[in-house]
Amino acid sequence: MAVKKGLGRGLDALLDELELQEEQQGTIEQVSLYDIDTNPDQPRKSFDEVKLQELAASLKRHGVVQPLIVKRNGLRYTIIAGERRFRAARIAGLSTVPVLVTDMDESSIMEVSLVENIQRENLNPIEEAAAIRLLMDQHDLTQEEVSSRIGKSRPAIANALRLLSLEKKVTDLIKEGKLNAGHGKMLAGITDKEKQIYLAEKAAEREWSVRRLEDEIRFASWAKKEKKKPEYSPEFRDAIHKMRTKLKTKITVEGTEEKGKLIISYFNANDLDTIYRAVMGEEE
């Protein structure tokens, strides 16, 4: 069985162990789809129907190349990894699928199922964050340890977990694909529930980019309690947003629309060169 590159060490170790079991047992079993049950603790709660149909069409032509990993449960089998293939096989009208049976304890099954889903499946950002949190809670893992298992950086783990603090109306927008994880990260910094929901709905309705949402939060008078900022008109905020996009750097406004300071930041020589060319009207 080929192991995909980029998998975390936890799943790699499991697959290495299963390959050894496979060699010792000799063959992979062909099992009826009707004898296989899904895992109720699987973190993925929704599956893209279009992608399932595409996978089903592929399975009709080529069959199930990669076996499902299952645990025997009496006369039946419970999926540890491969539920998406299982669902697509049913759509394709297949009667049996190849499986690799492993005798793992419940704790190991949970960990492998979570790691497999986080790494291999197209989870939405909220499902992924929930799976990471469950992996940490079930196995008493730190963010560093989870990072090692699933192949994501510790900051990425921390940012994912921040999404779980969002209001339900906001997480629903992310699940529906109307906002992305970047929007969620920005909104997670807003502790006022009503303001968080208001900005999320506005961002989704107007299809704001993450940078535009960041601008809206930055210019809001309630964004920083320690220093009350003046309200800026939509035209003024739009002008600053366009300048940020043009100059590709951070722009800070101090004052009112009538009088104040415009601070243009640069962080390296390339930034300064880009700003210079834009201000002088030179082509890049």
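Just checking, does the range 61-79 include any residue being part of a helix (DSSP H, G or I), over 28 Å from Arg133 (Cα atoms), among the hydrophobic types (A, V, I, L, M, F, W, C) and touching a residue at least 12 places away in the same chain (Cβ under 8 Å)? Checking the range 61-79: not a single residue is part of a helix (DSSP H, G or I), over 28 Å from Arg133 (Cα atoms), among the hydrophobic types (A, V, I, L, M, F, W, C) and touching a residue at least 12 places away in the same chain (Cβ under 8 Å). Lys229 meets the conditions (1) modelled with pLDDT of 85 or more; (2) farther than 26 Å from Ala158 by Cβ; (3) surrounded by 11 or more Cβ atoms within 10 Å (Cβ to Cβ) in every case but one. The failed one is (1). Selection over the range 93-106 of residues that are out of contact with any strand residue (DSSP E or B) (no Cβ under 9 Å at 6 or more places or on another chain) and at pLDDT 90 or above gives a count of 2. For the range 107-133, filtering for residues that are in a helix (DSSP H, G or I) and modelled with pLDDT under 80 leaves 14.
Answer yes or no: is there a residue in the range 210-222 that is under 30 Å from the mean Cα position of the chain (by Cα), at pLDDT below 80 and not aliphatic (A, V, I, L, M). Within the range 210-222, one or more residues are under 30 Å from the mean Cα position of the chain (by Cα), at pLDDT below 80 and not aliphatic (A, V, I, L, M).
Which residue, of Ala131, Ala158, is under 19 Å from the mean Cα position of the chain (by Cα) and exposed (fewer than 15 other Cβ atoms within 10 Å of the Cβ)?
None of the other options fit; the residue is Ala158.
Considering the range 269-284, the residues that are within 18 Å of Lys242 (Cβ to Cβ) and in a loop (DSSP other than H, G, I, E, B) include one that is modelled with the highest pLDDT, namely Gly281. A residue that is within 22 Å of Leu134 (Cβ to Cβ) and not assigned by TED's automatic domain parsing to the domain that holds Ala239 occurs nowhere in the range 193-208.
Of the residues making up the range 45-90, those that are closer than 29 Å to Gly177 by Cβ and hydroxyl-bearing (Ser, Thr, Tyr) are Ser46, Ser58.
The values are calculated or read from the model by the stated rules, or taken from the named source; none is laboratory data. Keep in mind that what you see is a predicted model, and the values were worked out from it rather than measured. We place every Cβ from the backbone using ideal geometry, glycine too, and count neighbours over all the protein chains shown.
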